[in-house]
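Here's the structure, in structure tokens; my notes come after.
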Amino acid sequence: RAKVGGRNRIEVFEPTFRSDFERNTVLSNDLLRAIARKEFFPVYQPLVDSSTQKIVGAEALVRWKHPTRGVLPPAMFMELAQTLGVLADIDQAMFEEAVKKRKTWERMLQNPPRISVNISAERLKSPSFLSTVQAAGVQPNTIIFEISEAVTFEELDDVSKYNLDALEGLGVEVEIDDFGSGRASILSLLEMKPRRLKIDRNLTAPVVESEQARSLVASILDIAHTLSIEVVAEGVETSQHAEILREQGCSLLQGYYFSRPIEETAFEELLQSEQARSARWPTQGLGHR
Ligand code: C2E
Ligand code: MG
Ligand code: MG
Ligand code: MG
């Protein structure tokens, strides 16, 4: 299946394999070589301020440019990467790329967005984690780590806990991703004291139709705000979603309504045109797209 689209789309080929076994066998060897061959690259999806609808952040999401099979999404290779023990290496490559990209954007733009990168349990517990973060020379408030709620606090070993605590000191914020989808939601807030949480799209998707979903989101916002935690909503697919979630108090929004994840050049064009436009029309954001 190949999706070919306008400049906001990238071509994604999702090759079909007869079984997971076939796919894993075929991809394993390739995956072990992919880091050294620099085949992983980020696509970026905007995070938008819910009241101005301007881009204030970018989530970097990994893609694998496979030499013969096209561009593969994480669902095609993340589990395998974990099994093969290379997930932490992928995360680190993405992090280094994000730090570099942020420095480029600082030169290029008046208001460079912060970049969020996803990190796995494997990377968080790696003994070299803190030193690689330190070595990257991250300026405060420029990079955010997203840790999926699926990586519950109980599963974290002492090294991971220590690393999490030390991150703030290095100027890197921690955000809980996929909030509400896992097992330890409330507890993880107390134990991790994240700066932000991102409500899982399975909770935000039904807010348009379901009164109960709206109540649930309202309760999460209540709890978060009590703890001074900023709330992001993911999976914002329509203007109704955006409007409801803004009214409810989510300060940041992310989803296909604003933009799909797009390649860096397309993302940079988007940023430059938005910042040029807002220099003339200070209140106009992405909303008319
Ligand atoms: P995530 O971190 O929760 O990222 C959001 C996912 O939802 C992305 O899928 C994004 O394309 C998709 N999405 C965004 N807006 C919408 C929307 O409005 N509707 C719908 N239906 N989907 C939306 P993607 O890029 O395929 O990534 C899937 C997951 O793979 C991520 O979920 C994250 O858990 C993981 N991942 C991606 N990049 C990395 C990475 O560099 N390291 C690690 N450890 N995990 C990564
Ligand atoms: Mg994420
Ligand atoms: Mg998610
Ligand atoms: Mg997420």
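A few remarks follow.
- Once all protein chains are placed together, Arg33 keeps about 100 Å² accessible to a 1.4 angstrom probe.
- Set Lys38/Lys193; Lys100/Lys125; Lys161/Lys198 screened for pairs whose C-alpha atoms are more than 25 Å apart: Lys38/Lys193
- Computed from label points 7 Å out along Cα-Cβ, the spacing between Ala36 and Ser239 is 5.3 nm.
- For the range 132-289, the relative contact order is 16 percent, taking Cα pairs closer than 8 Å that sit 6 or more residues apart in sequence and dividing their mean separation by the residue count.
- Heavy atoms of the protein chains alone define the surface here; on that basis the chain has 49 Å² accessible area per residue at 1.4 Å probe size.
- Hull volume in cubic angstrom per residue (convex hull over the Cα atoms of the chain): 143 Å³
- Using every pair of separate Cα atoms, the Kirkwood estimate puts the hydrodynamic radius of the range 40-94 at 12.7 angstrom.
- Sorting Lys198, Lys100, Lys193, Lys161 by solvent-accessible area of protein heavy atoms yields Lys193, Lys100, Lys161, Lys198, largest first, with a 1.4 Å probe.
- Straightening the chain between Asp157 and Ala135 buys 5.6 nm, computed as 0.36 nm per residue apart minus the Cα-Cα spacing.
- Alpha carbon convex hull of the range 174-289, projected area averaged over orientations, nm²: 8.0 nm²
- Nearest-20 debye value, the range 208-269 charge dipole, Cβ charges on Lys, Arg, Asp, Glu: 260 debye
- Dipole moment magnitude, nearest 20 debye, the chain about Cα centre, only Lys, Arg, Asp, Glu C-beta charged: 1140 debye
- Two-decimal log10 I(q)/I(0) for the range 44-180, as the Debye equation yields it once each C-alpha is a single scatterer, q = 0.22 Å⁻¹: -1.49
- The slack between Ser215 and Leu84, meaning 0.36 nm per residue of separation minus the straight C-alpha distance, is 43.0 nm.
- Computed in the context of the full set of protein chains, the accessible area of the chain at 1.4 Å probe radius has 50% of its extent on carbon or sulfur.
- Solvent-accessible area of His241 with every protein chain in place, 1.4 Å probe, in Å² to the nearest 10: 20 Å²
- Order of exposure, largest accessible area first, which applies to Tyr162, Tyr257 with probe 1.4 Å: Tyr162, Tyr257
- Taken about its Cα centre, the range 46-154 carries a charge dipole of roughly 520 debye when the Cβ of each Lys and Arg holds +1 and the Cβ of each Asp and Glu holds -1.
- Label point distance in nm, Ile223-Arg277, each placed 7 Å from Cα along Cα→Cβ: 3.7 nm
- Rolling a 1.4 Å probe over the protein heavy atoms leaves Thr68 with an accessible area of roughly 120 Å².
The values are calculated or read from the model by the stated rules, or taken from the named source; none is laboratory data. All values reported here derive from a predicted model rather than from experimental measurement. Glycine gets a Cβ as well: all are built from the backbone with ideal geometry, and neighbour counts include every protein chain shown. What goes into the accessible areas is simple: the full protein's heavy atoms, side chains included, and nothing from ligands, DNA or RNA. Shrake-Rupley method; radii C 1.70, N 1.55, O 1.52, S 1.80 Å.
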